[in-house]
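Visitor: Take this structure first; my questions come after.
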Amino acid sequence: MARLKVYQYPKCGTCRNAVKWLQNEGHELELQHIKENPPTIGELRELHRNSGLELKKFFNTSGEVYKELGLKDKLPGMPEEDQLKLLSSNGMLIKRPIVTDGKRVTVGFKEETYSEAWKA
């Protein structure tokens, strides 16, 4: 079974639930602390490309930092490269967990999405 990389914040309940779900499916996980070691611009660019999602789906819209920076109003007009720089500068801006096997990517945790993407 492919080893999965999980960008997560250990104190986040959603991340803990996702990690538990993946472990119960028998996946070997490489956990990366998203606050202490956020993904680089290059990693984010690849995750975004492989996810098929809009870049705005990578933002933690319910987080304090997102609200403090007023990103709801700023993001629509912000160039993609600036959004990637912003995400890589502060892991707490990133919606979590992000899970990848190097080809597929999921953002957040919904059991039905995980069942489709990561079911053993």
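Visitor: Of these, Tyr7, Tyr66, which one is part of a strand (DSSP E or B) and crowded, with 16+ Cβ neighbours inside 10 Å?
Guide: Tyr7
Visitor: When only residues in segment 10-49 that are of a type in the set (Lys, Arg) and in a loop (DSSP other than H, G, I, E, B) count, which is nearest to the chain's Cα centre (by Cα)?
Guide: So, considering only residues that are of a type in the set (Lys, Arg) and in a loop (DSSP other than H, G, I, E, B), the one nearest to the chain's Cα centre (by Cα) is Lys35.
Visitor: In addition: Kindly list the number of the only condition in (1) surrounded by 13 or more Cβ atoms within 10 Å (Cβ to Cβ); (2) in contact with a strand residue (DSSP E or B) (Cβ under 9 Å, 6 or more places away or on another chain); (3) outside any helix (DSSP H, G or I) that fails for Thr61.
Guide: The number of the failed condition is (2).
Visitor: So, in segment 75-114, exactly how many residues are of a type in the set (A, V, I, L, M), surrounded by 20 or more Cβ atoms within 10 Å (Cβ to Cβ) and not in a helix (DSSP H, G or I)?
Guide: Qualifying residue count, segment 75-114: 5.
Visitor: Also: Tell me which of these Glu30 doesn't satisfy, since it passes every other one: (1) surrounded by 15 or more Cβ atoms within 10 Å (Cβ to Cβ); (2) of a type outside the set (A, V, I, L, M); (3) out of contact with any Gly (no Cβ under 8 Å at 6 or more places or on another chain); (4) within 17 Å of Leu4 (Cα to Cα).
Guide: (1) is the only condition that Glu30 fails.
Visitor: Kindly provide the set of residues from segment 4-15 that are within 15 Å of Ile98 (Cβ to Cβ) and of a type in the set (D, E, K, R), ordered by number.
Guide: Matches in segment 4-15: Lys5 only.
Where a number appears in this text, it was derived from the coordinates with a stated rule and is not lab data. Worth saying up front: this structure is predicted, and the values here are computed from it rather than measured. Cβ sites come from the backbone with ideal geometry, for glycine too, and all protein chains shown count toward neighbours.
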